[in-house]
Structure formats: C-alpha cells, structure tokens
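Below you'll find the structure, written out as structure tokens, and then a few comments.
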Amino acid sequence: MAVTLATAHLGLFRWLNERRVDQTIDQPYVTALSLVFVNGFRMFLAASLGISFIQIVWKILRHKPMRLSDLDRLLSILGNPLQLGCVNLISRTPIPFLCALVFWCLPIAMIFPPSALTVESRMFTTVSEQLVPMVDPGFIGNNTYQGMLANALWASDNLGNYGSPSNKASRVARQAILAGSYITSPSPCGQNCSYSIDISGPSFQCNDTVSPDLATWVNGTYPQYDAFEYVYLASQNSHVLTYPSWEFIFELQWSSANTRGYQNLSCTAYEALYSFQIRYLNGEQTVTMTNVQHITKLNASHFYGDYGLQPVDGGPKFLVNSSSVSLEGGNITDINRRMNIAAIQDTLVDAFSGYIDRLILHTQQPANTIIELSELYSGPATAPVFDISAATMQNLLQNITISMLSLNQTTIRTNVTQSTGVNVYSFSDQARLVLPYFIVLLISLLFIIGGGFALVSNGISASTGGLFQTLCTTRGSDRLGDLAAKGCLGGRENVPDDLKDLKVMFGVLKNRSRMAGLGTQEEVVPLIKGGF
C-alpha cells in the first residue's frame with residue numbers, strides 16, 4: 001500500500017505539471033491530497049516497520065540473553081522517541097535500534113514530497129483582433145465637414161484656410177520636445193501585449209544649406225530690436241505661403257561653442273509611412289520604429305484659398321466623402337490629410353522657429369524658440385552647444401508623431417498579441433518527491449525483509465504492546481517472578497535494580513513441563529522451531 005500511495009502521488013504531480021491552476025484541481029485540494037498520500041505512506045510503512053521490529057527483537061531474545069532494562073527500552077522505543085537517547089542500545093542491539101530510528105525519521109522524510117509541486121507564473125500568448133488607438137491624417141469623423149474639423153490636428157483661420165496646428169497637437173508635441181521622448185499612452189489591451197500599426201505622418205530629409213533670406217524671414221516674424229549677433233535662428237521657408245505648391249522647408253543656422261563659424265541645416269518635409277511595433281510590459285509602453293518610407297514631398301496645395309476646403313455639393317450639412325470636391329477644385333479628403341500631416345510637422349517648426357541672441361551684459365534674448373529647453377541644447381548661456389543634425393531633427397519629428405497617439409483621435413482594428421500571466425503547477429524538481437520515497441522505501445525494505453526472516457525463524461508472530469504478550473511470556477521463571485514482585489506498585493521508580501540488570505532470554509523453561517517463557521540463562525534452554 002505504501003508503494004501504491006507513493007506511485008499515486010508521483011502520478012498526480014506529473015499530471016498536474018504545467019497545467020493551469022484555475023483549470024484543474026484547486027491548490028488547497030492538491031495540498032490536502034498530498035498530505036493524504038504522505039501520511040498514508042508513513043502510516044503503512046510505520047506499521048510494517050513496527051511489526052518487523054518486534055519480530056527482530058524476539059528473535060534476538062531467543063538466541064542471546066538481554067538485560068531487562070535494555071529490553072524494556074526496546075519495547076517502549078516505538079512509543080517514546082526519547083529512548084533513542086540511550087546510546088548503549090546501538091552497541092547491544094544495533095538492528096532493532098536502527099529500525100526504530102528509521103521509524104521515527106519517517107515524518108522528517110515526508111516533509112519533502114509535498115513541496116515538489118510548486119505554483120509558478122507563466123505567460124500565455126494569444127492573438128486576437130482588437131481596436132487600438134490610431135492617429136490617421138485622413139480621418140474625417142462622422143463624414144461631415146464639421147466632424148472633419150472637430151477631429152483635425154490643424155486649426156483654420158477666419159477664412160477657413162490652414163492656420164496652424166491645433167492647440168491639443170501643439171501641447172502634446174511640446175511635451176514630447178521637453179521630455180526628449182515620445183508621450184506614452186495607456187494600454188488598450190492589458191498589462192502585457194503588443195501590436196504593429198502603420199501611421200502616415202511627416203518626415204524630414206535634410207542637407208547642410210540654407211537660404212540667404214533666412215535672417216530676413218526670422219526678422220519678419222520676430223523683429224530684432226538690437227543689432228546683436230545671433231547664436232541661433234530658424235524659420236520655415238516663407239515661400240510656402242506665396243506659392244501653394246511649394247514644399248515645406250525648415251531652415252536652421254546656429255553657432256556652437258565647440259565649433260567655429262555657423263552651421264546650417266535645411267529640412268524638407270515629406271509625407272511618410274511609419275511602421276511601429278508597440279509593446280506594453282507591465283503596463284509600460286515601448287514604441288519601436290521598424291520602418292519608414294519617405295513617399296513624396298509635402299506641399300501646401302489648396303491650403304490657403306479662402307473657404308477653399310468647403311465641399312461644393314455638400315448640401316446644408318456639408319457631407320464629406322472620398323470623392324468630395326472643394327470650392328477650389330481639390331479633393332477635400334486629400335487636402336485634409338495633407339493639412340494634418342503639415343500640422344504635425346508644424347508643431348516642431350513652430351516650437352523651434354525664432355532666434356537666440358549672443359549673451360550680452362548677462363542677458364541672452366531668445367524670441368519664441370524653445371530649443372534651449374530641449375535636449376538639443378546644452379552648456380552655459382555664455383557658450384551654448386547645439387546638437388542639431390538630420391538624425392536629431394528626424395528623431396524629434398518621429399517622437400512627436402508617436403505622441404499624437406495619446407490624443408485618441410480614432411481607432412483601428414489590428415492583430416494584438418496578448419501575454420497573460422496565469423498560475424500553473426510546476427513539477428520541475430521531481431527528485432524532491434522521488435528521492436525521499438525511494439530512500440525511505442529502500443531502507444525500510446531491508447528491515448521489513450529482516451522482520452520477515454525473523455518471523456519465519458520464530459515460527460510464530462510476536463505482537464507489539466498489549467497485555468497478553470507480556471502476561472503469557474513472563475510466567476514460569478521463579479527468579480524473574482521474585483524480583484518482579486518487589487516492584488508490584490508499578491512505575492519505573494519502583495523497579496528494583498536487580499531486576500533491571502537481570503539478563504533474560506526466551507526459551508523452554510527447565511523447571512516446567514513443556515512451557516516457554518522469559519527466564520534467566522540458567523533457567524531456559526533454546527527454543528527449537530516446531531518443538532511445541
């Protein structure tokens with residue numbers, strides 16, 4: 001039965017291995033079953049050891065005399081582990097002593113098997129189609145002109161022209177510029193998930209030349225009242241307002257303390273398609289750009305015609321669809337798409353346009369630009385250092401584009417990979433269950449086999465404890481009876497020392513006719529199997 005229970009315990013743990021806790025047996029019941037298995041194993045093995053122990057003791061009594069004090073300790077050792085402290089028993093009766101030691105060590109060994117099965121967290125991955133936040137320059141809301149404007153990233157002027165980025169777009173962009181990173185968005189799909197999206201937005205292609213009119217453009221917008229030397233100036237090419245088909249070009253010129261003379265950078269805005277891998281780990285967002293395609297140069301066609309975006313045949317509600325034509329003859333959805341892309345680009349251009357004077361009389365005069373608050377500016381005011389390059393400008397524009405996702409302009413369906421943490425049973429350390437059972441069984445089996453041989457040799461089974469065994473085997477010895485009578489009140493303190501030191505063995509009593517029992521070596525002769 002002990003082997004059966006150990007095998008069943010192993011089978012249960014192997015069956016539960018890597019199974020989800022919420023889809024199998026609840027953990028409290030698994031714990032209860034484990035306790036049933038180990039306690040049942042211990043109970044059956046302890047019973048077997050107890051039976052084997054008493055057979056071995058009585059076999060020893062048949063072959064050699066033993067002091068009654070030692071015999072008393074042996075017969076009570078299975079009920080009192082303190083008797084293991086009598087080290088003399090090891091040398092006098094080593095086999096019964098070791099058997100009793102194994103008997104009392106069973107509970108210690110049974111501590112380990114239940115702990116072999118643990119509960120661990122595993123990440124299970126599922127893929128499903130879900131709605132996720134999206135920034136779509138072509139989004140037109142509820143297919144009306146007013147709905148399109150309500151969801152646009154640009155704001156119109158009094159005549160319905162493209163005026164500037166919307167306040168919400170500019171606010172998000174400046175947060176990204178000041179933070180030096182994109183603004184994160186809350187997860188739409190749980191604590192651990194990922195998905196890929198493609199976003200249309202602006203990108204920069206830059207070279208190291210600028211227009212000779214740059215200072216004129218800057219002064220036209222931000223007049224410089226004193227003829228101080230610039231350390232930084234930037235402006236968008238003003239031709240875009242005069243020639244609607246002109247590209248959006250942002251030009252910068254600066255002087256860093258670690259370089260000589262002025263450096264130039266001219267960045268042309270493109271319509272681009274970004275591929276982003278968005279991942280959430282414990283609710284924290286990470287966005288990785290996997291690819292960017294620079295499609296075509298962004299232009300301002302139909303941006304500045306008075307009421308030129310309104311639909312010709314929209315009716316009283318100005319309905320808008322993919323074929324709607326504006327008063328100027330342009331496709332409304334295409335114009336709106338390019339305006340939204342231009343608005344994202346302009347959030348950066350507007351934030352960096354302006355100038356910074358060289359430090360004069362402890363005062364550095366900036367106009368409009370916030371570049372000195374970004375990561376592109378470092379060093380003291382007396383010797384500023386600018387980290388402006390094609391790569392840093394494109395990185396800023398990319399971060400701003402990602403940050404627009406936080407506006408929740410619209411949503412898109414895409415395949416979302418979700419990683420859900422669940423608790424599973426883990427039976428990774430099988431030795432913790434197998435070894436205690438195996439070692440205990442192996443050692444116990446040696447004593448059980450020894451007890452079996454003793455039983456066969458004795459010819460009759462000895463019982464553990466009880467009155468009849470004692471009553472029937474202690475009659476007939478005059479010497480034993482006389483000494484025992486002196487301790488008739490019971491209790492160890494009343495036992496005479498002579499009785500404790502008396503050596504007895506089990507055999508045929510010489511002074512009795514066909515009677516076996518405990519007696520001194522002089523009173524008994526060896527008992528032969530089958531002699532009675």
| Any chance the stretch 84-98 includes a residue that's out of contact with any strand residue (DSSP E or B) (no Cβ under 8 Å at 6 or more places or on another chain) and among the small types (G, A, S)? | yes
| So G79 clears everything in (1) more than 29 Å from L5 (Cβ to Cβ); (2) touching a residue at least 24 places away in the same chain (Cβ under 8 Å); (3) outside any strand (DSSP E or B) except one condition, right? Which one? | (1)
| message | Only one of T414, T464 is at pLDDT 80 or above, surrounded by 14 or more Cβ atoms within 10 Å (Cβ to Cβ) and at negative phi. Can you tell me which? | response | T414
| said: Please verify whether S128 is at pLDDT 90 or above, assigned to a strand (DSSP E or B) and either in contact with a helix residue (DSSP H, G or I) (Cβ under 9 Å, 6 or more places away or on another chain) or surrounded by 16 or more Cβ atoms within 10 Å (Cβ to Cβ) (or both), treating the condition exactly as stated. | reply: no
| remark: Filtering the stretch 390-408 down to residues that are surrounded by fewer than 22 Cβ atoms within 10 Å (Cβ to Cβ) and touching a strand residue (DSSP E or B) at 6+ places or on another chain (Cβ under 7 Å) yields A390, M393, Q394, N408
| message | Could you list, ordered by first residue, the pairs with Cβ atoms under 7 Å in which the first is in the stretch 29-48 and part of a helix (DSSP H, G or I) and the second is surrounded by fewer than 13 Cβ atoms within 10 Å (Cβ to Cβ), at least 6 apart or interchain? | response | R42/P107; F44/M1
| message | I need the full set of residues from the stretch 52-88 which are in contact with a helix residue (DSSP H, G or I) (Cβ under 6 Å, 6 or more places away or on another chain) and of a type in the set (V, I, T), in order please. | response | I56, V57, I77
| request: Run down I341, I400, I356 and say which single residue is at pLDDT 95 or above, of a type outside the set (F, W, Y) and in contact with an Asp or Glu (Cβ under 7 Å, 6 or more places away or on another chain). | output: I341
| said: It is to be established whether one or more residues within the stretch 146-156 are surrounded by 13 or more Cβ atoms within 10 Å (Cβ to Cβ), among the polar types (S, T, N, Q), at pLDDT below 90 and not assigned by TED's automatic domain parsing to the domain that holds L35. | reply: yes
| Only one of (1) at pLDDT 85 or above; (2) part of a helix (DSSP H, G or I) fails for I25. Which number is that? | (2)
| said: Given the criteria under 30 Å from N336 (Cα atoms), among the charged types (D, E, K, R) and under 47 Å from the mean Cα position of the chain (by Cα), does D157 qualify? | reply: no
| query | Which pairs do you get when a residue that is free of Cβ contacts under 8 Å to residues at least 24 places away in the same chain, found in the stretch 127-150, comes within reach of a residue that is in a helix (DSSP H, G or I) and surrounded by 17 or more Cβ atoms within 10 Å (Cβ to Cβ), reach meaning Cβ atoms under 7 angstrom, with the pair 6+ apart or on two chains? | reply | G141/G147; G141/M148
| said: Can you pull out every residue in the stretch 187-219 that is out of contact with any Gly (no Cβ under 8 Å at 6 or more places or on another chain), assigned to a loop (DSSP other than H, G, I, E, B) and buried (at least 16 other Cβ atoms within 10 Å of the Cβ)? | reply: P188, C189, V210, S211
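The values are calculated or read from the model by the stated rules, or taken from the named source; none is laboratory data. Computed from a predicted structure; not experimentally measured. Heads up, the Cβs are rebuilt from the backbone with ideal geometry, glycines too, and the neighbour counts pull from every protein chain shown.
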